[in-house]
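One structure below.
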Amino acid sequence: MTYKIYIPIDSTALSLGANDVFYAITAEAKKRKIDLTVIRNGSRGLFWLEPLVEVETKSGRVAFGPVTTNDIEKLFDQEFYLGKEGALFLGLTDDLHWLKNQERLTFARVGITDPLDINDYEKHAGFNGLRKAIELEPQLIVNEVTDSGLRGRGGAAFPTGIKWQTVLNTPSKTKYIVCNADEGDSGTFSDRMIMENDPFVLIEGMIIAGMAVGAEYGYIYLRSEYPDAQEVLNKAINIAKEKGFLGNNILSSGYNFDLEVTRAAGAYICGEETSLLESLEGKRGMVRYKPPLPAIEGLYGKPTAVNNVITLATVPIIMDKGASFYADFGMGRSKGTLPIQLAGNLKQTGLIEKAFGISLRELLYDFGGGSFTGNPIKAVQVGGPLGAFLPDGQFDTPLDYEKFSEINAVVGHGGIVAFDDTTDMAKMARYSFEFCAIESCGKCTPCRIGSTRGMEVIDKIKGGIDQDKNEKLLRDLGETMVNGSLCAMGGMTPFPVISALNFFPKDFGLEKKKV
Amino acid sequence: MGSLLFTIILEPALQERIFYRFVALNHVSRWVLKALKTTAKKVLGVDYHETSKDGVITLEPVYCLGNCACSPSVMMNDKVIGRVTPEKIDNIIKAVKQS
């Protein structure tokens, strides 16, 4: 009798010792002559419980966690491999509050399957979307994506269908699909999770994108900080090639598509699409002027669809289940689901995929369990280092692109970082400028110079020098950067700064409350 | 001749080093620790882009390792380590120095 157990291979689980747990469990099983089949699955996204070990039982998978190498003997003593209750026992994984209340569409397989087992992928509805897309004319594939309401999940939220339509309409013998996997926003890790834990869904999404717009080659521009993802993607690409999902005449459809992974070199600005294309061409990642749009003149001057990992990984389920299935989730013009990443000062951190419309308060308290330190949550930053800081008074705002835009905030890539009441928001605002100064490409003046001047002005305000004059100057600078910068780097840096100034003037040494 | 070589090859390369964090020109050590400066600096006693006196570890800056749910994190060569403390960094450094 063999017992099936799951130990994650996701790099967050590995960073907390999942490999050591794997070695200890296999060694202990050998010692006790217990026949275990160990599957290295992806992470379920409950990071405060990682390494999370699961055991397959008749009633479903049972979870134990967080497991350390010191727990192994105890776990074997209580016969955990039978799914028996005892230390670290969490019950059925699917019944855990965190997972039960999610709507996992893009992340349907993440944590369930072995990332590099293509048969496991197909058993769990993998390549269903591709098989349906093959039967359709390119225009109909684009229509399906347009009707689903899918918008760019990288942060800009541009309608994916419209972007694809532009590429499709631009006549050219050569076109490209570029996957933006330069996930540099602080507090985000959903792209990494897809690439490490379900790489075939990204490959499938890119093949469909290629068919839709008439591109036969794709690049995944992967950030340098993700070596594990690179290894998994390269293995997955080779497996897909062997099985005939990549290369010439895919599944006898007449379509050709191939792709490769390019590892970036560590510049935040290269997540901006035109700078990414420069970098991919082997140059310094300087932002390009728009127009021309990359959809018309992109990589090497050819029409290029640049899409984020999550956007592309969502396409297969849209093609499989249909546009209206996807569009039924969400609210207003924010259709479908968003993979939300909880990080920072919270008891429970990890990945939540929910339909648009959930409030920050639900996410922070219902899922996050409140702050880790037990202090009140002072502010959250949504959407990476360029997102606004939101105070408690705005925690009831529903997660929706337009509702966030109304309060000068962004949903961005769905990363949420919580700060407790010991945080100095003026220091955070200064750090936003410092980050911009370091990461600016330097092409436009508001971003290159404004970021450094901004730091100096904040120092003056904090130092009590001409506070009224300098506060006005800071607001003027913010306006100049928002309206005068070439791209979102300089154009959004004032968001965290001005929101901190509006909601936490005391931290700047300003007495009066202003909004 | 030397200055021509510098203008054509080295200077642009040095500029790229400033632009791209992961382009390394001066790594003389076997191990590279990527971390936010504050904690790692105290333990190693060096600044960014500097190598420890024994030539074993170089400290490089990094912002986000995609492990924000288990911060703070550091990266030793290609391995990410989550929820680090000064003690944990100290142990990691000791371990690589012995290897």
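The values are calculated or read from the model by the stated rules, or taken from the named source; none is laboratory data. This structure is a prediction, so every number in the text was calculated from the model and none was measured. Counting neighbours? That spans all protein chains shown, and the Cβs are built from the backbone with ideal geometry, glycine included.
Assorted remarks:
- Those residues of the range A:255-268 which are modelled with pLDDT of 95 or more and either assigned to a helix (DSSP H, G or I) or exposed (fewer than 13 other Cβ atoms within 10 Å of the Cβ) (or both), in sequence order: A:GLU260
- Looking only at the range A:113-135, and only at residues there that are assigned to a loop (DSSP other than H, G, I, E, B) and in contact (Cβ under 8 Å) with a residue 60 or more places away in the chain, the one that is surrounded by the fewest Cβ atoms within 10 Å (Cβ to Cβ): A:ALA125
- Among the residues of the range A:202-213, not a single one is farther than 17 Å from A:PRO316 by Cα and either outside the structural domain of A:GLU273 (by TED's automatic domain parsing) or touching a residue at least 40 places away in the same chain (Cβ under 8 Å) (or both).
- Any hit, the range A:147-158, residues being touching a Ser or Thr at 6+ places or on another chain (Cβ under 7 Å), over 20 Å from A:LEU351 (Cβ atoms) and surrounded by 17 or more Cβ atoms within 10 Å (Cβ to Cβ): no
- Within the range A:166-183, the set of residues being within 14 Å of another protein chain (Cβ to nearest Cβ) and farther than 17 Å from A:LEU351 by Cα comprises A:ALA181, A:ASP182.
- Residue check for A:LEU364: over 23 Å from A:ARG151 (Cβ atoms) and surrounded by 21 or more Cβ atoms within 10 Å (Cβ to Cβ): yes
- Once the range A:394-430 is narrowed to residues that are crowded, with 23+ Cβ neighbours inside 10 Å and β-branched (Val, Ile, Thr), the residue that is farthest from A:LEU351 (Cα to Cα) is A:VAL411.
- Residue in the range A:274-288 that is touching a Lys or Arg at 6+ places or on another chain (Cβ under 7 Å) and in a loop (DSSP other than H, G, I, E, B) present: yes
- Residues satisfying the stated conditions in the range A:322-353, i.e. within 14 Å of chain B (Cβ to nearest Cβ), part of a strand (DSSP E or B) and not aliphatic (A, V, I, L, M): A:PRO339, A:GLN341, A:GLY344, A:GLY350
- Residue match in the range A:233-249 (condition: of a type in the set (Asp, Glu) and either surrounded by 24 or more Cβ atoms within 10 Å (Cβ to Cβ) or not assigned by TED's automatic domain parsing to the domain that holds A:ILE194 (or both)): no
- Members of the range A:18-39 found to be out of contact with any Ser or Thr (no Cβ under 9 Å at 6 or more places or on another chain) and without any contact (Cβ under 8 Å) to a residue 12 or more places away in the chain, listed by number: A:ASN19, A:ALA27, A:LYS30, A:LYS31, A:LYS33
- Selected residue (criterion: farthest from B:GLY66 (Cα to Cα)) from residues of the range A:206-235 that are assigned to a strand (DSSP E or B) and more than 14 Å from every other protein chain (Cβ to nearest Cβ): A:TYR217
- Flag if A:GLU456 is without any contact (Cβ under 8 Å) to a residue 12 or more places away in the chain, of a type in the set (D, E, K, R) and more than 28 Å from A:GLY357 (Cβ to Cβ): yes
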